[in-house]
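K.L.:
Got a structure for you, questions after.
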Amino acid sequence: MSYKTITKFSLRTMYGMSQSSLQKLMNDVFFEDLKEAGYQKNMKIIPPKVLKKFYDLFGEPILE
């Protein structure tokens with residue numbers, strides 16, 4: 001699968017979660033793993049490498 005750069009807003013919309021829920025996942029729960037992929041807490045744009053790592057950790061969204 002090919003991963004594209006997306007915004008945090010788009011990512012949370014795909015999962016149907018609030019901003020605070022996504023923030024907790026990315027900045028607390030998965031932070032160390034995402035950091036290895038290049039994630040920084042202040043990012044608004046999620047690069048493909050970080051997005052792939054997030055999907056590996058949390059699972060890909062089910063899009064209808």
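FYI, it's all coordinate maths here, none of it is from the lab. Note that the structure is predicted; figures quoted are calculated from it, not measured. Here Cβ is always computed from backbone atoms with ideal geometry, including for glycine, and neighbour counts include all displayed protein chains.
K.L.:
Note down all Cβ pairs under 9 Å where the first residue falls in the range 5-16 and is in contact (Cβ under 8 Å) with a residue 24 or more places away in the chain and in a strand (DSSP E or B), the second is basic (Lys, Arg) and loosely packed, with under 13 Cβ neighbours inside 10 Å, and they're at least six residues apart or on different chains.
P.N.:
From the range 5-16, the pairs are Thr7/Lys44.
K.L.:
How many residues, within the range 16-49, are closer than 18 Å to Tyr3 by Cα and of a type in the set (A, V, I, L, M, F, W, C)?
P.N.:
Number satisfying all stated conditions: 6.
K.L.:
Among residues belonging to the range 6-32 that are within 16 Å of Glu60 (Cβ to Cβ) and not hydrophobic (A, V, I, L, M, F, W, C), point out the one that is surrounded by the fewest Cβ atoms within 10 Å (Cβ to Cβ).
P.N.:
So the residue we want is Gly16.
K.L.:
Which residues, taken from the range 32-42, are closer than 11 Å to Lys53 by Cβ and either part of a loop (DSSP other than H, G, I, E, B) or hydrophobic (A, V, I, L, M, F, W, C) (or both)?
P.N.:
Leu34, Ala37, Gly38, Tyr39
K.L.:
Which ones in the range 38-54 are closer than 12 Å to Met26 by Cα and surrounded by 14 or more Cβ atoms within 10 Å (Cβ to Cβ)?
P.N.:
The answer is Tyr39, Met43, Ile46, Val50, Leu51, Lys53, Phe54.
K.L.:
Do the conditions hold for Ser10, that is, is it among the polar types (S, T, N, Q) and over 10 Å from the mean Cα position of the chain (by Cα)?
P.N.:
Against the criterion (among the polar types (S, T, N, Q) and over 10 Å from the mean Cα position of the chain (by Cα)), Ser10 does not qualify.
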